[in-house]
Amino acid sequence: MNPQKSFSNSPSAGPRAHPERMIAIASGKGGVGKSTVAANLAVILARQGFRVGLVDADLYGPSIPGMLGIPGGTPPAMTPDKKVIPAEAHGVKVISMGMLTGDDRPAILRGPMVTKYLRMFVAQVEWGELDILLLDLPPGTGDTQLTLAQAFPLTGAVVVSTPQDVSLKIARRGLRMLEQVNVPILGIVENMSGFTCPSCGEVTHIFHRGGGERIADSLGVPLLGIIPLDPAIVDGGDSGVPLVVAAPDSPAAKAYAAIAETLAVGKGAAVGLRVPFNWNVTTGEGRPAPAPDAATDRPLSLDCDATGLTIRWADCTQQIDPRDLRLACRCAACRDEVSGKPLLNPATIALDVTPNRIWSVGNYALGVAFSDGHNSGIYTWSALRGIESPEAENV
């Protein structure tokens, strides 16, 4: 099969604001080979004919440049409009903190700076036209994961684990975190599976066996592939020549190729309202186009006028009074984060308060700015549905 047929590569299509598919490579814990998986998947996708970008989102422990043979410590060039020009290796465009710092210089960053760099790595890089942008996340469920889920329309995430029970349990937590922010789970990759002896061919399952399949079945997500242990994978990472280039006929390289094809031709971005958008309600600029009817938990269309915010869901149409929307804000200024007790005094909210700007927050929420100056509220899809609306009617 030729997976490239899944995308339109016509020059007349023009540059896209976002790649066709934006996929996060995640793990619950470190040491499972996530970055090795990300690097090899990026290269094999490029070798299959796709235009691929790779963001090394592990700002504190960047490893992608070394794995792809990109020298560190030399700041990338800038375009006249102040966009970063990514490095390129093995047909993959790459941005990483490792390109900005030397091998022995730590990135000492507080949370707000992490957010700033992540946004820059995705939105302020001169990627050109891309079919797929892979994001190699750091392990865990912290600022990086939340920032990317909120700021960008991720097509989905691939969760990497090893077969041991402890790794699988932590992978389950990471997977649940991604689900909570409405990032679709594309599947699980079981890395460092059985070791095949190069002399006799006997397979030894050093870290048990079947763990990836069991957790995939229990969570109802696909098992994308099983990658065996192979010393050549380590050699390739150290030399800057990934396994899929150095030994394309090896069992591990074939496993990477099969996973890559699945990711490339899999289901597109989640149906529903097209994100991202930033809608100036007053002028109408940036209003999101309605989506076709589909089975989804995301809104299909939004409207906002003097009567309130109208949301068309797959199963009903909901109208929310502007003041009710303002009073339902659950930001830290309006509600105690620990107890959930309301801090906002309803008497302080004008009867004629209205939204003047609405924007998407990842795949899972809306941000709303109001005429009284309040703009820190994030309304998840479930929170919006929970706002009582007597006008809601079943479809």
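General remarks:
- Remark: for residue pairs K93/K116; K29/K93; K82/K254; K29/K341, the C-alpha separation exceeds 32 Å in K82/K254; K29/K341.
- For the range 213-293, the orientation-averaged shadow of the C-alpha convex hull comes to 9.6 nm² (one quarter of the hull surface).
- Per residue, the convex hull spanned by the Cα atoms of the range 38-93 measures out at 90 cubic angstrom.
- 14 Å beta-carbon shell around K341, net charge (K/R +1, D/E -1): 0
- Tail fraction, Cα-Cα pairs, the range 280-395, threshold 23 Å, whole percent: 26 percent
- Aspartates and glutamates whose Cα lies under 14 Å from that of K34, excluding same-chain neighbours fewer than 8 positions away: D56, D58, D136, E190
- Counting only protein heavy atoms and a 1.4 Å probe, the range 308-387 has 45 square angstrom of accessible area per residue.
- Look at the alpha carbon pairs under 8 Å that are at least 6 residues apart: their mean separation over the length of the range 258-387 gives a relative contact order of 20 percent.
The values are calculated or read from the model by the stated rules, or taken from the named source; none is laboratory data. Remember, it's a predicted structure, so these values are computed and weren't measured experimentally. Cβ sites come from the backbone with ideal geometry, for glycine too, and all protein chains shown count toward neighbours. For accessibility, only protein heavy atoms count, side chains too; no ligands or nucleic acids. Shrake-Rupley method; radii C 1.70, N 1.55, O 1.52, S 1.80 Å.
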